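Peer 1: What follows is a structure written as structure tokens; I'll ask about it next.
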Amino acid sequence: MSELLIVLGPTAVGKTDYSIDLALKYGSPVISCDSRQIFREMRIGTARPSDEQLARVRHYFIASHSITDNYTAGRYEVEALSLLEDLFKTHDTLVMAGGSGLYIDALCNGLDDFPDTDPQLRATLIERLEKEGLAPLRHELRRLDPVTADRIDPANRQRIVRALEVCIATGRPYSEFRSGTRKERPFSIRKIGLTRPREELYARIDARVDQMMAEGLEEEAGRLLPYRNLSALNTVGYRELFGYFDGEYPLEEAVRLIKRNTRHYAKKQLTYWARDPEISWLTLPLRP
């Protein structure tokens, strides 16, 4: 049976180089499974693979969509499965790499079939979000569906709006639409988790943020400021600079917050995957 190797792990752990080496070993492209590197406008702040890395092996789902697209894990599931079906015609083994747990889960297990989006209701909720902030919507979701409210990251605006939309449109809790039934895939899946000692990982995160700033992250965030309300830009590295642009704190504080929040995000990623017994973990750097 064809096999999909998924390289996952926290941000800045070294997934890009590891997955490229693995892809070269198997003669495979790299299929990205990153919910932010997919957007072409977000180059620096998402730590997109360098031109040199992209030249070493073919990559898919890198800078392939716009931030103005309403891109979701469900859409990724459909598009990635279609791509895999095509690639497996000429490859026995394919390599996927990314740090987006929901996208990886969608590809491996499938998502439940939720009701179609109501554009008018969605527009109303987004307008409320812009005027009232996230807290009132989060409180309303907790009233209508406390199970989902406990499950969703309280800062994830996109998922809170989507869950609340389903609750209001159907009169039923969003959680009732989650069957938890795993969908079968016509290929085997092997998950390789990369990790490093915490102090080393945090040092790599700090160094990466400094490099991003040197490469022009402030200017990139400035160009994207008019789109700050899009869900794609509710992302560490951009949020903090938007606060700096608003005059909430100096640039040095924005950089400190980016480093701190990136470390928190890495910790959340590891906690998310700790529940998955199918992951084989490797501690980098690997010793010969």
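Peer 1: Applying the Karplus parametrisation 6.51 cos²θ - 1.76 cosθ + 1.60 with θ = phi - 60° to the phi angles of the range 250-262, what ³J(HN,Hα) value in whole Hz is obtained for each residue in order, glycine and proline being reported as x?
Peer 2: For the range 250-262, the Karplus-derived couplings read x, 4, 4, 5, 4, 5, 4, 5, 4, 5, 4, 5, 5 Hz, x marking Gly and Pro.
Peer 1: So, counting K/R as plus one and D/E as minus one, what does the shell of residues with Cβ under 12 Å around E248 add up to?
Peer 2: With Lys, Arg at +1 and Asp, Glu at -1, the neighbours total -2.
Peer 1: Here's a follow-up. Measuring from label point to label point, each 7 Å out along Cα→Cβ, what is the R143 to N156 span in nm?
Peer 2: Between R143 and N156, the label points sit 2.3 nm apart.
Peer 1: Kindly provide the helix-only [θ] at 222 nm of the chain, computed as the sum of -39,500 (n - 2.57) over DSSP H runs of four or more divided by all residues, to the nearest 500 deg cm²/dmol?
Peer 2: -15500 deg cm²/dmol
Peer 1: With labels modelled as points extended 7 Å from the Cα through the Cβ direction, what inter-label distance (nm, one decimal) is found for K131 paired with E218?
Peer 2: About 3.6 nm separates the two model spin labels.
Peer 1: Specify the inter-centroid distance of the range 181-224 and the range 129-179, based on alpha-carbon positions, in whole Å.
Peer 2: Between the Cα centres of the range 181-224 and the range 129-179 lies a distance of 27 Å.
Peer 1: Which lysines, if any, have their Cα less than 29 Å from the Cα of K267, not counting same-chain residues under 8 positions apart?
Peer 2: K15, K183, K191, K259
Peer 1: Could you work out the Kirkwood radius for the range 198-268, taking every pair of different alpha carbons, averaging 1/r and inverting it, reported in Å?
Peer 2: Taking every pair of different Cα atoms in the range 198-268, averaging 1/r and inverting gives 12.4 Å.
Peer 1: Then there's this: What distance in nm lies between label points placed 7 Å from Cα along the C-beta direction at Q120 and E200?
Peer 2: Going by the 7 Å Cα→Cβ label model, 5.8 nm.
Peer 1: Can you give the extra length, in nm with one decimal, that the chain gains between D51 and D105 once fully stretched, where that is 0.36 nm per residue apart less the Cα-Cα distance?
Peer 2: Here the segment from D51 to D105 would lengthen by 16.6 nm.
Peer 1: Rg and Dmax of the chain over Cα atoms: what are they, in angstrom?
Peer 2: That works out to 19.4, 58 Å for Rg and Dmax.
Peer 1: Please list the non-local residues whose amide H lies under 5 Å from the amide H of L194, H modeled 1.01 Å from N, same-chain partners needing a gap of 5 or more.
Peer 2: Correct list: L8, G9, L282.
Peer 1: Over the chain, what relative contact order in percent results from Cα pairs under 8 Å that are six or more residues apart?
Peer 2: Reported relative contact order: 27 percent.
Taken together, the values in this text are just the output of simple stated rules run on the coordinates, not laboratory data. This is a predicted model, so every value here is computed, not measured. Cβ coordinates were reconstructed from backbone atoms using ideal geometry, including for glycine residues, and neighbour counts include every protein chain displayed.
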